[in-house]
Amino acid sequence: MEPFRFERLAQSGRARVGRLHTPHGSVETPLFMPVGTQGSVKGLLPKDLKAIGSQVLLANTYHLLLRPGPERVRALGGLHGFAGWQGPWLTDSGGFQVMSLGHLRRIDEEGVVFQSHLDGRPLQLTPERSIAVQEALGADIIMAFDECPPYPSSRDYLKASLERTLRWLERSLKAKTRPDQALFGIAQGGTDPELRALSTRETVRFDLPGYAIGGLAVGEPKEAMFPMVALSTELLPEEKPRYLMGVGHPEDLVAAMGLGVDLFDCVYPTRTGRFGSALVPEGRLNLKNARHLEDPRPLEEGCDCYTCQTFSRAYLAHLVRSGEMLGGILLSLHNLRYLHRLTEAAREAIRQGDYGAFARDFAERRFGREVPAWFREALAAGGHW
Ligand SMILES: [Zn+2]
């Protein structure tokens, strides 16, 4: 079994191409991880995910803890055996979802007490419990238990919270027993540069196999978010993978890849697909719009996905209007392929040594003449604009 390892293969400005070796295969970064909340990427077969270039899937500890329970997943072969995806998995710590979905009762030094959103039973999640659950689920990459403070939070709260998250990281590491799983730490600090730097530096002291940038994309403006991403990748070690949690809008990926982020996840491409929208270079097509009803063109000219190769916008608009589940499936398939093609093109541009040309080309189609300042500034900070 191959131990966890990250290699850097090419660099352009601060953007980089890497290879992540895991016990369930090697993958190329930057990459986007589809979210399989319940151990299933909604509407998509594992073989189809493989065909569109998905490399790593993410599953949510909170959901799997409530149902079917970690011991059942372990008994059935862990996520790899249970859920039919033999490639690498990543599980989150459950912390973020306890705080956003569970009926939160209490956060204290010990952990979090909450009520299940399914049946109301009271449960506790601590760093030790989160790691035990993630060991039972068996993902290749597991996450330290952290608190993701809401935006906005007071500076005092952010500071106390990030310090507790550091103590929880230490407990997460102590609780870990499986040598075949890589545990990533999560830096917090909200949008306060000083606290963000403090949290990042202190997290790096643990010398972990990878690091996540947490607590962003939680409602703050992009003008506040991207300087934090730039600061983070400056402070994180070059030789370790960096994961920007919960980010999946194409323009955010392009800006963050330019700053040296390697891993992303978000429900956005599949959720927006189920809601009837398609990601295209110009932004988003809403298939509910009547203008698509007679349009014989594919969603995106030149896209190699099954949806674009087979169906017209008119047919997809018909499915969406009729509430057919195939509509959501076909749009999710295209949307994920769109993000995978975006990261594939980014890797190629980095290998050619010209990520800037790729980013400018993307911006021209996405924004036209009005490229937002946050995007230009992020690219400039990455050495591309
Ligand atoms: Zn397509």
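At a glance:
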item	result
Solvent exposure of region 273-353 as accessible area per residue, Å², 1.4 Å probe	47
Accessible-area ranking of ASP207, ASP262, ASP48, largest first, probe 1.4 Å	ASP207, ASP48, ASP262
Distance between modelled label sites at ARG291 and GLU170, nm, 7 Å Cα→Cβ extension	5.8
Charge dipole magnitude, Cβ of K and R +1, D and E -1 - region 5-265, Cα centre, debye nearest 20	520
Cα lying deepest toward the dipole's positive end in the chain, options PRO34, GLY215, PRO150, charges on Cβ	PRO34
Cα principal axis extents for the chain, largest first, Å	58, 45, 43
Rounded to the nearest 10 Å², the accessible area of TYR306 at probe 1.4 Å	130
Cα gyration tensor shape for region 79-175, rounded if a/c is under 1.5, else prolate or oblate	prolate
When region 276-370 is reduced to its Cα atoms, the Kirkwood hydrodynamic radius in Å	14.1
Theoretical gain in end-to-end length, GLU348 to ARG106 [0.36 nm per residue, Cα-Cα removed]	82.4 nm
For region 159-313: rounded, prolate or oblate by the Cα gyration tensor [a/c cutoff 1.5]	prolate
Sequence of TRP385, TRP168 from largest to smallest accessible area, 1.4 Å probe	TRP385, TRP168
Per residue solvent-accessible surface (Å²) - region 1-63, probe of 1.4 Å	37
Simple spin-label estimate for ALA51 and GLU223 in nanometres, 7 Å along Cα-Cβ	4.6
Solvent-accessible area, 1.4 Å probe, carbon plus sulfur percent, for region 5-265	52
Total charge dipole magnitude, region 214-288, about the Cα centre, Cβ charges on Lys, Arg, Asp, Glu only, Debye to nearest 20	480
Mean residue ellipticity (222 nm) of the chain, computed from DSSP H runs ≥ 4 via -39,500 (n - 2.57), nearest 500	-13000 deg cm²/dmol
Entries in LYS174/LYS222; LYS42/LYS174; LYS50/LYS222; LYS50/LYS174; LYS159/LYS222; LYS159/LYS240 that, when Cα-Cα distance is taken, lie over 30 Å	LYS174/LYS222; LYS42/LYS174; LYS50/LYS222; LYS50/LYS174
Most mobile of PHE145, PHE358, PHE311 in a GNM of the chain (Cα contacts under 10 Å)	PHE311
Reduced Cα scattering model of region 18-165, Debye log10 I(q)/I(0), q = 0.15, 0.17, 0.20 Å⁻¹	-0.80, -0.98, -1.21
Beta bridges by DSSP in the chain, antiparallel share as percent, to the nearest 5	55
Span-like helix ranges in the chain, DSSP H, alpha carbon extent 18 angstrom or more, Kyte mean at least 1.6	none
Proximal aspartates and glutamates relative to LYS288, as straight alpha-carbon distance under 19 Å, when same-chain residues fewer than 8 apart are discounted	GLU300, GLU324
Where a label projected 7 Å from the Cα of VAL204 along Cα→Cβ would reach, residues of region 360-385 with amide N under 17 Å	382
Ranking by accessible area, most exposed first, for THR177, THR310 with a 1.4 Å probe	THR177, THR310
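The values are calculated or read from the model by the stated rules, or taken from the named source; none is laboratory data. Being a predicted model, the structure only gives us computed values, none of them experimental. When we count neighbours, we look across all protein chains shown, and the Cβ atoms used for this are built from the backbone with ideal geometry, even at glycine. These area figures cover heavy atoms from the full protein model, side chains too; ligands, DNA and RNA do not enter into them. Shrake-Rupley method; radii C 1.70, N 1.55, O 1.52, S 1.80 Å.
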